[in-house]
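Data block below; observations after.
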Amino acid sequence: MHCKTCAHYYDTDSECRRYAPQPSESDAKAQWPTVSAMDWCGEYQADHAKEEKAGAA
Ligand code: SF4
């Protein structure tokens, strides 16, 4: 169970897209949070295709 195999993980930019992007204090432009591939949280939702790919790697 890691971001790497979560349905909400956008691999290209290492972003969690579980929720809409939020504005930060330092930048008025809304952004998705950046996470590590090995992070995880309680909103994890398995993406079986990603799990199989990760298992095969
Ligand atoms: S495990 Fe949590 S933080 Fe990681 S991509 Fe999924 S929803 Fe986002």
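The values are calculated or read from the model by the stated rules, or taken from the named source; none is laboratory data. Here the structure is a predicted model, which means the values were calculated and not measured. Glycine gets a Cβ as well: all are built from the backbone with ideal geometry, and neighbour counts include every protein chain shown. Ligands, DNA and RNA are excluded from the accessible area calculation, which covers all protein heavy atoms including side chains. Shrake-Rupley method; radii C 1.70, N 1.55, O 1.52, S 1.80 Å.
Give the residue list of chymotrypsin sites (Phe, Trp or Tyr not before Pro) in the chain that are DSSP loop and have at most 13 other beta-carbon atoms within 10 angstrom.
When the chymotrypsin sites (Phe, Trp or Tyr not before Pro) of the chain are filtered for loop state and at most 13 Cβ neighbours within 10 Å, 19 remain.
Please compute the alpha carbon radius of gyration of the chain, then divide it by the globular-protein estimate 2.2 N^0.38 Å. Two decimals is fine.
So the chain has a normalised radius of gyration of 1.21.
Leaving out ligands, DNA and RNA, what percent of the accessible area of segment 3-56 is carbon and sulfur, probe 1.4 Å?
Carbon-and-sulfur percentage of accessible area, whole number: 51.
Per residue, how large is the accessible surface of the chain? Use a 1.4 angstrom probe and give square angstrom.
For the chain, the per-residue accessible area is 77 Å².
At most 16 other C-beta atoms within 10 Å and a DSSP loop state: those are the exposed GluC sites (Glu not before Pro) I care about. Give me the longest piece of the chain that has none.
Answer - 1-24.
Explain nothing, just the number: relative contact order of the chain, from Cα pairs under 8 Å at least 6 residues apart, as a whole percent.
44
Calculated from DSSP H runs of 4 or more alone, at -39500 (n - 2.57) each and per residue, what is the 222 nm mean residue ellipticity of the chain, nearest 500?
-4500 deg cm²/dmol
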